[in-house]
Every structure is written in structure tokens, then in C-alpha cells.
Amino acid sequence: QIFNQHNAEAPNLEPAFHRMAQMEPNLDHDVSWFLLPSYWAKMVVALISFLCFANSYDGDFVFDDSEAIINNKDLRAETPLGDLWYHDFWGSKLSSNTSHKSYRPLTVLTFRINYLFAGGFYPVGFHVINIILHCTISVLMVDVFSILLGGLQFSNKGRRLNLAPKSSLLAALLFAVHPVHTECVAGIVGRADLLCALFFLLSFLGYCKAFKENKEGHTFSVFWVLVSVVLGAIAMLCKEQGITILGLNAVFDALVINKINLLELIRKLVYKDKSLENAGLLRKGLLFRITLLMCGGAGILYIRWRIMGTGPPAFTEVDNPASFADSLFVRAINYNYYYSLNAWLLLCPWWLCFDWSMGCIPLIKSVSDWRIIALAALWFCLIGLICQALCSEDSHKRRILTLGLGFLIIPFLPASNLFFRVGFVVAERVIYLPSIGYCILFTYGFSLLSKQAKKKKILAVAVLGILLINVMRCALRSSQWRSEEQLFRSALSVCPLNAKVHYNVGKNLADKGNQSAAIKYYREAVRLNPKYVHAMNNLGNILKERNELHEAEELLSLAVQIQPDFAAAWMNLGIVQNSLRRFEEAEQSYWTAIKHRKKYPDCYYNLGRLYADLNRHIDALNAWRNATVLKPEHSLAWNNMIILLDNTGNLAQAEAVGREALELIPNDHSLMFSLANVLGKSQKYKESEALFLKAIKANPNAASYHGNLAVLYHRWGNLDLAKKHYEVSLKLDPMAPGTKENYNLLRRKLEQLQKKGG
């Protein structure tokens with residue numbers, strides 16, 4: 001009844017625009033699925049998409065979130081908003097040679113708004129926005145699939161009709177619950193893909209709106225075509241894939257609006273058929289609209305190229321080993337294998353991993369590798385679908401298959417390595433948009449099976465089972481994305497050859513203080529990738545802390561030999577050499593680190609410690625001053641300056657430095673303690689006492705704070721208070737140096753006073 005009613009309402013308008021769906025078989029006729037009113041269909045899709053990822057709302061910042069959000073200065077209020085347009089996704093200048101050139105200013109802007117509203121780095125708000133975005137996109141998919149599967153038709157009141165309500169609901173549900181989307185939704189940096197998809201779909205729907213006949217009787221609206229271009233530009237400012245919607249709009253225009261038969265068109269172009277105009281290419285308005293799309297796309301790409309400033313980003317071999325292969329054959333065969341893996345993730349999203357680089361997928365180097373079968377299977381399926389899309393006599397079938405393949409392939413092109421090298425092997429986030437094409441093809445395949453099947457209900461139950469399994473898989477995968485420990489450990493079984501997986505598990509364990517277990521994973525990371533300098537650096541650091549200095553030196557020396565500009569490894573090598581009392585080599589390592597990273601406050605701090613050990617006090621003070629200039633909140637550098645000046649008898653200068661430090665870091669109890677010691681020696685007892693008490697309030701379990709306050713009271717003559725704080729200090733640390741001796745002196749003095757008083 002619904003379809004008859006729709007057909008009855010359809011006005012007899014320009015055939016090129018308003019009757020393309022009316023003359024074709026209806027996909028829903030063969031689909032055994034639920035028929036719901038549009039409002040309820042969208043409510044169901046929204047609810048189920050929410051249930052899939054709801055448990056990620058209170059997750060932590062994980063993996064790339066730390067670099068893109070926590071360490072990204074573009075999120076902070078002190079960074080001018082204008083800088084967002086000249087920085088990449090990670091906060092680096094686009095003109096820098098080290099920039100990844102990922103230009104997504106609108107995504108970074110939403111992170112900044114999140115940060116400002118939350119009042120800091122609280123992940124809940126970030127996660128909630130991601131979940132809302134995915135639910136919104138899934139709801140929009142109902143409208144998008146109704147057009148892609150049912151065609152574009154308007155009622156006499158100008159309302160767009162849904163000619164495939166059952167098919168569009170099924171396709172939208174498949175999209176909403178696909179587990180491969182978990183990275184985009186549960187990982188906060190996935191917001192780039194979500195925002196891109198949102199404006200991608202709005203651009204498509206805006207383009208469709210251009211063909212709603214207006215009051216003047218014009219067959220299409222230039223305004224809505226231009227709106228579509230603008231929305232495509234916004235999508236690209238969220239993530240690079242967004243630009244592909246302009247190409248898809250052109251494909252949709254040719255196939256659905258103008259109903260061009262591609263095979264017939266190619267044949268006429270080859271044979272220079274004079275009836276080319278009848279093929280639809282020159283039909284009124286098509287070339288004009290495609291010209292608008294092409295000009296808009298070219299303009300957007302030109303502006304982006306101008307902003308980038310330099311050439312493409314420089315990736316390393318471990319990021320994308322196939323792209324560094326010398327042989328064209330090896331590159332081609334591995335790229336195609338990567339495509340087959342992406343296709344498999346869409347078909348069977350069971351083995352999911354946060355990172356697929358660093359040996360996770362070994363290179364195929366000969367045709368004898370059994371994995372060649374995956375390539376053959378992929379191209380067998382693709383060629384079969386392309387042949388059906390081009391050669392089928394059924395125009396409805398041609399349209400759906402071509403649109404399905406278009407939405408599957410075109411959004412994936414920026415990640416295909418065909419136009420430029422990308423910085424990954426496989427990335428689940430980049431198939432968020434291509435999954436639209438997969439859902440179209442799945443739904444069409446289901447309709448064909450339903451048409452042939454005698455027991456359609458069994459087929460419908462099977463599809464329901466797939467949806468339910470996907471919902472459970474989404475929930476499980478979302479829970480794994482809630483913390484780095486779960487995320488990294490989940491990858492061990494999927495990519496056991498991935499050095500980065502072992503590195504991240506090790507780093508997570510080291511951050512939690514489990515150094516023994518961390519060493520095991522760092523060693524495995526280095527074994528899997530003998531050039532993994534970051535693993536060497538972190539392993540060297542742990543060995544240094546465990547006083548295994550010679551092995552630490554070997555690892556760090558190898559790291560800087562492999563990557564001579566690795567500033568952190570040079571600094572850590574300097575620390576080890578300092579501990580081995582090879583001071584000249586340590587100094588040289590520190591200065592090499594500073595050469596490669598000009599603004600390196602921690603390195604200046606360690607250089608100052610070296611100079612202090614060598615009694616080069618002026619050099620030490622200068623190094624620590626440099627550290628505080630580069631990082632005004634560098635508490636250790638301030639403290640060391642105060643202590644060195646105090647120990648060398650420069651009390652006035654020590655006091656001035658202490659006051660300067662406390663103005664910048666007013667709540668740092670260690671600075672209060674150091675300045676209180678200086679003031680006590682300067683006989684400014686009252687002010688010293690106030691600072692000691694403030695420091696003790698902030699850190700009541702520090703034995704040295706109570707011990708030094710007791711010394712102050714001892715000097716000041718407040719012996720009872722001195723006795724009280726000596727006792728507290730000894731209770732907290734019975735072995736506190738000097739405290740027991742001072743306490744015994746005080747007790748003898750009190751006994752003498754009592755005898756005199758007696």
C-alpha cells in the first residue's frame with residue numbers, strides 16, 4: 001500500500017528528473033524485512049547505533065589521542081584561533097618538513113570547543129560527541145540509502161519519497177552496527193572521519209535537493225549544487241576523504257538523474273556515433289553541473305595545496321613498507337593485497353587492530369606466496385560486479401551496482417597509495433565511508449537471494465543474526481578501546497608480528513611501574529624490528545634506572561646511530577654517560593640533543609646537573625635558567641637553582657630566584673620548601689615558618705619538611721614545636737639523615753633546661 005500510495009502521489013513532471021524510479025522494479029518487493037514509517041525507522045537506527053558504542057562514553061584518552069589532543073597546543077586558549085588554519089591535525093606547522101600534512105582544522109576546532117566547555121582534558125565530553133555524531137550519521141544513512149537504492153522522486157508537495165523503506169532500513173542498520181567503525185567512534189581522533197562523513201552525506205543530500213522542481217519551473221537549482229560544493233569543502237576540512245563526494249555527486253547525476261548507460265556511452269564515444277546527444281551526456285544541465293563540481297573541487301584542492309606550503313609528508317619504511325619497495329611488481333602486488341584486507345574487514349570484521357604497521361603484514365615478494373589467492377578473489381569479485389554494472393540489461397541492477405561500487409571505491413582512493421604515499425598499511429578508520437558501498441551491495445545481494453529463496457523468513461533471521469553478532473562485536477570492541485591496556489593487549493593476538501603493538505604494551509606497563517614486564521615487551525619489539533629506535537630509547541631508559549648502565553649505553557648508542565637526529569635518545573645517552581662518569585662524552589651528547597631540538601628544557605636541566613657535578617656553578621645556573629625560560633613551570637630546574645645558590649652561600653640571590661619561581665608556580669610545595677630553607681638561614685623565621693607550614697599542608701607525609709621545620713624552630717628557640725616536628729619526621733622516616741642527631745641534641749638541651757629549672 002505504501003508504494004502504491006507513493007506512485008499515486010508522484011506528479012507527471014520532467015521525465016529526466018522525477019520519474020526515474022517509477023519505471024524501474026522496486027527493490028523492496030523482494031526484500032523480506034521490517035516495514036516501518038520513516039520516523040520509527042530512524043529512531044530504531046539511532047537507538048541501535050547508540051547501544052553499539054554507548055559503553056565507550058567513559059573511556060580514557062588512548063593511542064593517538066595523546067598527540068592529537070593532550071599534547072596539541074592548538075586546543076588551548078592561549079593559541080590564537082587563526083593558527084589552526086596553518087597547523088596540521090597534530091598541532092605542527094604545515095610548512096614544517098616533519099608535518100604529516102593532515103589538514104583538518106575544523107576537527108581540531110571541535111576538540112578545542114570540547115576542551116573549553118569541559119574546562120580541561122576530561123575524555124567523557126569528547127567521547128559523548130563522537131557517539132552522537134555516529135548516531136546522527138546512521139540516521140542520515142536512512143535517507144541516503146533510500147535514494148541510492150530506491151531512486152530520487154518527489155511528491156507533488158515537493159517532499160522526497162522513500163521508494164525503498166525496507167531496503168534503506170536494512171542498509172542503515174548494517175552501517176550503524178558495523179564493528180569496523182569502532183575505531184572512529186570509540187577513538188576520539190576518529191572524530192575527523194565522523195565529521196567528514198557527516199558533511200559528506202549532507203553534501204550528497206544537498207545535491208539531491210537541487211533536482212526538486214522550484215516555483216519557477218526550473219529543472220535544477222544552481223544554488224543547491226553550489227551548497228553541495230561548499231559542504232564538500234567543509235567535509236575536506238574535517239578530513240581529506242571529504243573531497244571525493246564531489247566525484248560521487250557527478251556519478252549520481254549521470255547514472256540516476258540522467259540515467260546514462262555507461263557501456264552504451266563508451267561504445268558511442270569509441271565509434272564516434274552521431275547520436276551521442278541521445279546518450280545523455282549532453283542532456284541539458286549535466287555538463288554545466290559537472291563543470292561546477294570540477295571547478296569547485298579544483299579550487300578546493302588548489303587552496304589546500306597553497307596552505308600546505310611544502311611537498312608531501314615524509315613517512316618512514318615501517319609506516320608503509322610496500323611503498324618503499326624497489327620493484328614495481330612488489331609494490332603493486334602488496335597494494336592489491338592491502339585492498340583485499342580492507343575488503344575482508346568489511347566482510348568479516350572479527351580481527352581488528354589499532355595498528356597494522358611494523359611487520360604486522362609481511363611483504364609479498366613472489367607469486368608463490370599463498371596470499372596471492374586473496375588478490376585473485378578480490379579481483380574476481382570486483383570484475384564480476386563491474387561487468388554486471390556495465391553489461392546488465394536491467395537498468396535498475398546497473399544503477400545500484402554502479403553506485404555501490406562507486407561509494408565503495410571512490411572514497412577509498414585517497415588511502416589507496418595510487419596518487420601519493422600514505423602513512424599506514426591498513427587503517428580501519430579509512431573504510432568508514434567506503435562501508436556505505438558495502439552496505440548497498442550487501443542489501444542488493446540480500447534482495448536477490450530473497451527473490452530466489454523459498455523460505456524468506458530463514459534468510460531474514462540469518463541477516464538478523466549477522467546484525468546481532470555485529471552489535472555484540474561493537475560492544476566488545478568498544479570496551480577494548482576504553483583503556484590503552486585493553487586496546488594494546490587485544491592487538492597481540494591479531495598482529496603478533498607488529499613491533500609497535502609490543503612497544504605500546506611495554507610502554508603502558510612501564511607507565512604503571514611494572515618495569516620487569518615492560519622490558520620483556522620492549523625487547524620483543526626490538527627483536528621484531530631491529531631499527532625501532534623508540535623501543536631502544538625506552539628500554540635504555542628502564543635499564544638506566546635499574547643501573548644496568550652498559551647495556552643501556554649500547555642500546556642508546558645504536559638508536560642515535562640509526563637515527564642521528566633523535567634528540568631524546570641523545571639526551572638519555574648523556575644521562576647514562578654522566579652516570580658512568582664520562583663527563584666530556586655526556587656534555588657532547590647533551591649539546592647534540594639540543595642541536596637537533598632547539599627548545600629542549602629537559603636537556604638543559606640535565607646539562608645543568610652535569611655542570612653542577614663538575615662544580616661549574618655558573619654554567620649550571622645558566623643551563624637551568626635556559627630550562628626555565630623554555631618551560632617556566634620546570635620545577636626541578638627552579639629548585640636546583642635555589643639549592644645551588646643556597647649551598648654556595650648566595651642567600652639573597654637564592655631568595656630572589658625562589659620568589660620568582662613561586663610567582664610562576666604558586667602551588668608547588670617543593671619550591672615552598674626550598675625557599676623556606678633559604679629564609680630560615682637568612683633569619684626570616686616568620687616567613688620561613690609560613691612557607692614550611694604551607695608546604696606541609698600540601699604534602700603532610702614528607703619527613704624532610706617536618707625535619708627542616710623542626711630545625712627552624714630549634715634555631716628560633718621554639719623548642720617544644722621543634723620537638724614535635726622532629727618526632728613527626730622520625731615517625732615518617734626513622735632513617736632521615738641528621739634528624740635523629742638533631743632530635744637527640746634537642747632532648748639533651750631540654751633535659752638541661754629542666755635541671756636548671758628544678
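The values are calculated or read from the model by the stated rules, or taken from the named source; none is laboratory data. Nothing here was measured: the structure is a model prediction, and the numbers come from that model. Ideal geometry is used to build each Cβ from the backbone, glycine not excepted, and the neighbour counts take in all protein chains shown. These accessible areas exclude ligands, DNA and RNA; they are computed on the full protein's heavy atoms, side chains included. Shrake-Rupley method; radii C 1.70, N 1.55, O 1.52, S 1.80 Å.
Within segment 484-514, work out how many residues are open to solvent by 60 Å² or more (accessible area, probe 1.4 Å) and over 21 Å from E554 (Cβ atoms).
Total satisfying the criteria: 9.
Go through segment 42-90 residue by residue and tally those that are in a loop (DSSP other than H, G, I, E, B) and without any contact (Cβ under 8 Å) to a residue 24 or more places away in the chain.
6
Identify all residues within segment 160-174 that are open to solvent by less than 10 Å² (accessible area, probe 1.4 Å) and either at pLDDT 90 or above or in a helix (DSSP H, G or I) (or both); write none if there are none.
Selection gives S167, S168, L169, L170, A171, A172, L174.
Regarding V270, is this residue of a type in the set (V, I, T) and either at pLDDT 80 or above or open to solvent by less than 80 Å² (accessible area, probe 1.4 Å) (or both)?
When the stated conditions are applied, V270 does not pass them.
Take the residues in segment 208-246 that are under 30 Å from G190 (Cβ atoms) and among the basic types (K, R), then tell me which one is modelled with the lowest pLDDT.
K209
Report whether or not C353 is assigned to a loop (DSSP other than H, G, I, E, B) and out of contact with any Phe, Trp or Tyr (no Cβ under 8 Å at 6 or more places or on another chain).
yes
Could you pull out the residue among L378, L403 that is in a helix (DSSP H, G or I) and touching a residue at least 60 places away in the same chain (Cβ under 8 Å)?
Of L378, L403, the one residue that is in a helix (DSSP H, G or I) and touching a residue at least 60 places away in the same chain (Cβ under 8 Å) is L403.
Which number in (1) among the basic types (K, R); (2) assigned to a helix (DSSP H, G or I); (3) within 26 Å of L539 (Cα to Cα) marks the one condition that R659 misses?
Unmet for R659, out of (1) among the basic types (K, R); (2) assigned to a helix (DSSP H, G or I); (3) within 26 Å of L539 (Cα to Cα): (3).
Within segment 93-129, which residues are farther than 17 Å from E78 by Cβ and of a type in the set (S, T, Y)?
Answer for segment 93-129, where residues must be farther than 17 Å from E78 by Cβ and of a type in the set (S, T, Y): S95, S96, T98, S99, S102, Y103, T107, T110, Y122.
Looking at this structure, is L433 at pLDDT 95 or above, outside any helix (DSSP H, G or I), surrounded by 21 or more Cβ atoms within 10 Å (Cβ to Cβ) and not acidic (D, E)?
Answer is yes for this residue.
Output the residues belonging to segment 82-103 that are touching a helix residue (DSSP H, G or I) at 6+ places or on another chain (Cβ under 9 Å) and small (G, A, S).
Passing the criteria: G91, S95, S99, S102.
Of all residues in segment 731-756, count the ones that are of a type in the set (A, V, I, L, M, F, W, C) and exposed (fewer than 10 other Cβ atoms within 10 Å of the Cβ).
Total meeting the criteria: 1.
So which helices (runs of 4 or more DSSP H) are wholly in segment 500-576 and hold at least 1 residues that are closer than 28 Å to V425 by Cβ and of a type in the set (D, E, K, R)?
515-528
Could you tell me which of the residues G384, G404 is out of contact with any Asp or Glu (no Cβ under 6 Å at 6 or more places or on another chain), open to solvent by less than 30 Å² (accessible area, probe 1.4 Å) and modelled with pLDDT of 90 or more?
G404
Could you list, in sequence order, all residues of segment 515-548 that are open to solvent by less than 40 Å² (accessible area, probe 1.4 Å), among the hydroxyl-bearing types (S, T, Y) and without any contact (Cβ under 8 Å) to a residue 40 or more places away in the chain?
Result: Y521, Y522.
Considering only helices (runs of 4 or more DSSP H) fully contained in segment 596-649, which possess at least 2 residues that are open to solvent by 60 Å² or more (accessible area, probe 1.4 Å) and among the β-branched types (V, I, T)?
It comes to 617-630.
Mind checking which residues of segment 130-159 are buried (at least 20 other Cβ atoms within 10 Å of the Cβ) and closer than 30 Å to S92 by Cβ?
The answer is N130, I131, L133, H134, I137.
What is the residue count in segment 446-465 for residues that are closer than 16 Å to L173 by Cα and either in contact with a Gly (Cβ under 7 Å, 6 or more places away or on another chain) or open to solvent by 70 Å² or more (accessible area, probe 1.4 Å) (or both)?
Counting residues in segment 446-465 that are closer than 16 Å to L173 by Cα and either in contact with a Gly (Cβ under 7 Å, 6 or more places away or on another chain) or open to solvent by 70 Å² or more (accessible area, probe 1.4 Å) (or both) gives 2.
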